[in-house]
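Quick notes on the structure that follows.
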Amino acid sequence: MADSDTHWYAVTTKSRHEKVVAEQLWQKDIECFLPLREVLSKWKDRYKKVQFPLFPGYLFIHTPIQKRRLDILKIPSIVRIVGFNGEPALIPEAQVQDVKKLVFSTLPYDPYPYIVKGDRVEIVQGPLRGLQGILTEKKGTYRFILSIDLIQQAVACEVDACDVVKI
């Protein structure tokens, strides 16, 4: 399918149903992309490499959405097509191609929290674990802002973005 109405979209799935949904989409001749990552998982008696979705609960579809919307939503494990005000939202082709390029490369990769400046975050590892504040950026490094609201004062320290999660 390469007509001008064909674009990339994201769908959300029920928890741990991403691979099943991908298979069902392919059976309906709907192109999809489920980026996976390989993780070494410890079982009782051995280690085994297991593939997990890079973006849990999501996968990408490449289709003329208006023509195939009902076919997509009829798949039991699909929760919804991601969008705004009831309209499916396009994902730029370049973003999907960039993820494909990374996933199909031999480079190691891991999911990373989507955090932007100004987000309220909590530190999840290190000596400051459990603190909550605001994430900012200064001269290319991330800074954690801890505020005392009553006296309208704050203190900042440098943090690694992988040490915080968005609240």
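Summary table below
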item	result
Count of residues meeting criterion [among the aliphatic types (A, V, I, L, M), in a loop (DSSP other than H, G, I, E, B) and free of Cβ contacts under 8 Å to residues at least 24 places away in the same chain] in the stretch 123-157	3
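Yes/no matrix, rows are residues, columns are (1) within 27 Å of Cys162 (Cα to Cα); (2) assigned to a loop (DSSP other than H, G, I, E, B); (3) outside the structural domain of Cys162 (by TED's automatic domain parsing); (4) in contact with a Ser or Thr (Cβ under 7 Å, 6 or more places away or on another chain):
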| site | (1), (2), (3), (4) |
| --- | --- |
| Glu23 | no, no, yes, no |
| Gln51 | yes, no, yes, no |
| Thr63 | no, no, yes, yes |
| Arg68 | no, no, yes, no |
| Ile72 | no, no, yes, no |
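The values are calculated or read from the model by the stated rules, or taken from the named source; none is laboratory data. Quick caveat, the model's predicted, so the values are computed rather than measured. Glycine gets a Cβ as well: all are built from the backbone with ideal geometry, and neighbour counts include every protein chain shown.
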